[in-house]
Amino acid sequence: MSMHPYDEGHTVAGWTGVAIATVGTSVMGVGVCTVSPTALVLGGVIDVLALLVTWALHLSGWGKPPGIRPRAQWSMRVRDPHAREGHPDCLGCRLAGRGRMASPPVTSTPLSVPPSTLTSDGTGMEVRGAALVGGQPGADVGRGAS
């Protein structure tokens, strides 16, 4: 049982990723101090590896979904039972193709536009209103469409 009354989000995926990233960042720091491009590149590769390992652990159930988990799942020893389906608001799950919400089908409805009007202001100038004909892509739009 946790000593804390709230979910701090500690997970195997999180701690493993932080440990590997700390090593990678330390190697990059040594590369900066010694002006070694090789150490800089190696540190960067280790940091990318940390990202990939964390992502893989998250997808295998050792991470956590965004937000607060139920109290029974606060322990680091508990795997996430919903990792297979993916978490709805999780970028990592969406990148893996999991947790996507089905988007509603797009339906097109014809636009309803009043017919073209012809008015005169008494000066001999006529104003013709714009009309949309057909309501489909490529329809005539503009002055004088009929």
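The values are calculated or read from the model by the stated rules, or taken from the named source; none is laboratory data. From a predicted model like this one, the values you see are computed outputs, not experimental measurements. So basically every Cβ, Gly included, is an ideal-geometry build from the backbone, and we count neighbours across all protein chains shown. Ligands, DNA and RNA are excluded from the accessible area calculation, which covers all protein heavy atoms including side chains. Shrake-Rupley method; radii C 1.70, N 1.55, O 1.52, S 1.80 Å.
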Provide a single number: the residues in region 48-70 that are out of contact with any Lys or Arg (no Cβ under 9 Å at 6 or more places or on another chain), modelled with pLDDT of 80 or more and either surrounded by fewer than 19 Cβ atoms within 10 Å (Cβ to Cβ) or in a loop (DSSP other than H, G, I, E, B) (or both).
9
Might you check whether a residue that is in contact with a helix residue (DSSP H, G or I) (Cβ under 7 Å, 6 or more places away or on another chain), touching a residue at least 24 places away in the same chain (Cβ under 8 Å) and not in a helix (DSSP H, G or I) occurs anywhere in region 18-29?
no
Of the conditions (1) on the phi > 0 side of the Ramachandran plot; (2) touching a Gly at 6+ places or on another chain (Cβ under 8 Å); (3) not in a loop (DSSP other than H, G, I, E, B), GLY43 clears all except one; give me its number.
(1)
Could you check how many residues of region 30-77 are farther than 14 Å from GLY14 by Cα, touching a residue at least 60 places away in the same chain (Cβ under 8 Å) and hydrophobic (A, V, I, L, M, F, W, C)?
1
Just one of the numbered conditions (1) on the phi > 0 side of the Ramachandran plot; (2) within 24 Å of the chain's Cα centre (by Cα); (3) surrounded by fewer than 15 Cβ atoms within 10 Å (Cβ to Cβ) is not true of VAL35; which one?
(2)
Listed by first then second residue, the pairs whose first member lies in region 87-99 and is among the acidic types (Asp, Glu), whose partner is open to solvent by 40 Å² or more (accessible area, probe 1.4 Å), with beta carbons under 6 Å and at least 6 positions apart or on separate chains, are ASP89/PRO66
